[in-house]
Amino acid sequence: MSQQETGAWQVSLTGKRLKAVPDAELLSQLVRHFRLGEAQAKALLKGPRTVKRQLARDKADSLCRLLGKLGLEAVVEATATASPPQPSALQGLAALSRQRLATPRPTPLYVASLLVVTLLCVAMPLVYLGLVAAAATGWLWFLTHAPQSLPVHSIKLMLLLYVVPLVAGLLLLFFLLKPFFTRMPRLPRPVKLDAEREKGLVTGIRALCRAIGISPPKEIHLTWDVNAWVHFRSGWFSLLTGHKVLTIGMPLVAGMTARQFVGVLAHEFGHFSQRVGMRCSFIINSVNRWLEYRAYGEDPWDQRLRQWASEDESGIVSLTVLMAQGVIGLTRLLLRLLFHVSLRISRHLSRQMEFDADRYEALLAGSAGFRDSAVRLRVLSYAFAEVNSANAEAWQEGRLLRNLPAAVALYADDFDTSRLAAIERDMQKSETRYWDSHPADLDRIENAEKSALPGIYLDDRPAARLMQHFDSACEQVTSALYRLHGLRYDSRQLCAAEDIISFESDDAVTQENTKVYFNGQFRAFPLLDPALAQDVSLTGLSWQAAIDRLRSRSPEIVRDWEGAMNEELARPHYLLVLNLGLSPAQLGVPDLKDTSSADLRTHYGELCLQTTPLHQRLHGVLALHVFRLRQAGDALTGESRQRFEAGWALLRALCAEGDRLRTLLELQTLLIGLDRTVNIGVDESVARELATARERYHMQGLGFLLAMESVPQHLLPGGTVAGFLRERHPRLEEGRPDARVFQRVASGLPASALRLYEILVDNLAGLAREAEQARGIRPIKLVQLAEPA
């Protein structure tokens, strides 16, 4: 019996804290998570001690992670009675070199089908080239035969009938041939695995390749994606050499067992065991990728034409550009047609290759574990999306995850049974469609389980143990992701997973009252100003009548509030267009394409004053919402009334500084836009505008902090609004004398203030719901539909 099974492990606290958490809060969490008495919980905080003995290794690891999330450093130790250690996960992987997996032989019909499909796909660019050649032939024929038919008495007419087609034909042929000489975009530089530091993993991967019967990869790359793949190293040249590259998504290593992870690698390498199939697949995918980029991608010529059109004042260049863009549009239309034909004729064979590769995964990891691996991949994908979103929000406050893959795994481990059941239901609903490149998960699971293969690598310890420097590799790919997005930060802004993920989770919970109370109408802007409760249009209105009005206009309100919010977010783009003379296309604001500068300046002024038609329609709506909240507050008693009044006072204080908060949000986005604009080579006016915006942001930020210095709040740490903001941005003091430094250390200041506002509104909405239920007041949504089972 293995050490994993004997329960010969214990979890001990080192006495160190991983993060600063007040003892009272820590005691509360220990009591809640472990159902301890208060005395037992206090004992755990007194220094190094063993928490639990005689655990299986996976249970010990889970307990250690949970204690770490709470802020206590814990370690897993072997007990004195432990059985002799089993071979490590790496040793088991290296032992695969003695295995030889059965290789499924493709049928002659499948090979013939593959070759036919490959030839058809290769024919698509040749069809396009043939059409270009036909157009060129027709043009040359016209140039050589037209002079004989042209009237000789009119030089101007000859120029018109000969020179114009000559120039137009050259333009047409140039842009028809453009797809053949424009380069595909370069991929970012990959993070390469250090083979010297990870000799064990490299040896194990070579052993796996030997077992499958293929040559090992020449390089191993690491990425932040929840994925793994193998590709030819040097493009078309590698069709001859067979050199390949393995790319490993570190969230897979962080979140899977060794068995699941090695199964995924076996699947990817299994593709290359199909030598004819893989080479045909490479050719097909290369052709499809070329067609797709030419049909849908944007190359330097597209950008250059837009720039020429925006800089031209005479109109002649704009007309020429318009003609060129028309030709490009027709070219893209033709290439799209060819791309979709090529894509559709190759999809069925692509699915068959997936089934064949799945067999290798089942041979290695066993058919019984195939479903768990498929579910785990989905769980990690969902977790990655949510953690990445939380990280993006944290960046608004000047914080970033230090280790993204580990954070994804940690978040995935926290999915409760209902969340996992929902993911299983999604899998049940999926089905394979004719044009899909991959079979549906259920079809793959069913196919793998039919084979009933026992598997030969069944190590269920964490896959992270396959790497000697796992954390370092995770931090490398995390940094690479930030570089790709152009983020500038220093090490002091990097945080542990718990500091960002837990905040996002709390925030998700706090929005439930807002969703129910406002029935989906609420948006962050315009603000719910308590002063609106004095609106004269509310005179004589009852509490219930106000809600009934909101219900009757609910769809319209949602659209208007959403529109007003979007206009608020567009303010910095308007400023860039007005102050720098940039084209809306350069800024990615297509809605401004036909808007004159005078109209744009007028609209921007209306936005700042909140007098746009949207704001005018919303004024009465916001007054109704504020009136409804105030009626609920007046109906509350006792502690609930005190909490409401404290929140109401905080809401009044925040709204009193609402214009400054809106300006800060505008300047924050404006600064990001200006930084990016510097990189596209606009003149030195950008530098002046950037310096002015920094000074304004600095002045407005300090003014907002000063105004919030004595405003109490107890929803979040800090005691006051300014105290909370300083806690979220501990380096604020560094930026007081310098606008450039302040921009960097306070980049997320308005987002943090807005988060406090949203949590405050949610708390007030919760208290208002309590009052309405007690008084029998009907809410906006009269019928609450049950969630589907």
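Ranked from the most accessible area to the least, with a 1.4 Å probe and all protein chains present, what is the order of Trp648, Trp9?
Numbers: Trp648 10, Trp9 35 Å².
The most accessible residue leads, giving Trp9, Trp648.
For the pair Asp499 and Ser381, what calculated FRET efficiency results from E = 1/(1 + (r/R0)^6), where r is the Cβ-Cβ distance and R0 = 22 Å, to the nearest 0.05?
Details: r = 23 Å, r/R0 = 1.06.
The calculated FRET efficiency here is 0.40.
Quick check: pseudo-label points 7 Å beyond the Cα along Cα→Cβ at Val741 and Leu578, how many nm apart are they?
Using points 7 Å along Cα→Cβ, the separation is 3.3 nm.
To the nearest µm²/s, what D does Stokes-Einstein give for the stretch 255-296 at 4 °C and 1.567 mPa s, using the Kirkwood radius over alpha carbon pairs as Rh? Write out the running numbers ahead of the final one.
On the way: Rh = 12.2 Å.
The calculation lands on 106 µm²/s.
Evaluate E = 1/(1 + (r/R0)^6) for Arg344 and Arg183, where r is the Cβ-Cβ distance and R0 equals 22 Å; express this FRET efficiency to the nearest 0.05.
Working: r = 27 Å, r/R0 = 1.24.
The pair Arg344/Arg183 has a calculated efficiency of 0.20.
If DNA, RNA and ligands are ignored and the probe is 1.4 Å, what is the ranking of Phe355, Phe518, Phe415 by accessible area, most exposed first? Numbers along the way, then the final one.
Working: Phe355 50, Phe518 0, Phe415 20 Å².
Largest accessible area first, the list is Phe355, Phe415, Phe518.
Would you mind counting up the charge near Tyr457? Only other residues with Cβ under 13 Å from its Cβ, with Lys and Arg at +1 and Asp and Glu at -1.
Details: positive: Arg98, Arg259, Arg461; negative: Glu361, Asp459, Asp460.
Surrounding charge for Tyr457 is 0.
What are the ³J(HN,Hα) couplings of the stretch 388-394, residue after residue, when phi is run through the Karplus curve with 6.51, -1.76, 1.60 and θ = phi - 60°? Round to Hz, x for glycine and proline.
Calculated HN-Hα couplings, in order: 4, 5, 4, 5, 5, 5, 5 Hz.
Round to the nearest 0.05 the FRET efficiency obtained for Ala480 and His619 when R0 = 41 Å and r is the Cβ-Cβ distance. Kindly include the intermediate steps, with their values, before the conclusion.
Details: r = 48 Å, r/R0 = 1.18.
Between Ala480 and His619 the formula returns 0.25.
Accessible area, 1.4 Å probe, largest first: how do Thr50, Thr692 sort? Don't jump to the answer; show the numbers that get you there.
Numbers: Thr50 50, Thr692 75 Å².
Heavy-atom accessible area, descending, gives Thr692, Thr50.
How much net charge surrounds Arg210 when only the other residues with a Cβ under 11 Å from the Cβ of Arg210 are counted, with Lys and Arg +1 and Asp and Glu -1?
+3
With every protein chain kept in place and ligands, DNA and RNA left out, what is the accessible area per residue of the stretch 737-785? Probe 1.4 Å, answer in Å². Intermediate values should be presented prior to the final figure.
Working: 2120 Å² over 49 residues.
Using a 1.4 Å probe on heavy atoms only, each residue of the stretch 737-785 averages 43 Å².
How far is it, in nm, from the label point at Arg688 to the one at Leu131 when both lie 7 Å from their Cα along the line to the Cβ?
Reported label-point gap for Arg688 and Leu131 is 5.0 nm.
The values are calculated or read from the model by the stated rules, or taken from the named source; none is laboratory data. Worth saying up front: this structure is predicted, and the values here are computed from it rather than measured. Please note: Cβ atoms are built from the backbone with ideal geometry, for glycine as well, and neighbour counts cover all protein chains shown. To get the accessible areas, we keep the full protein, side chains included, count just its heavy atoms, and leave off ligands, DNA and RNA. Shrake-Rupley method; radii C 1.70, N 1.55, O 1.52, S 1.80 Å.
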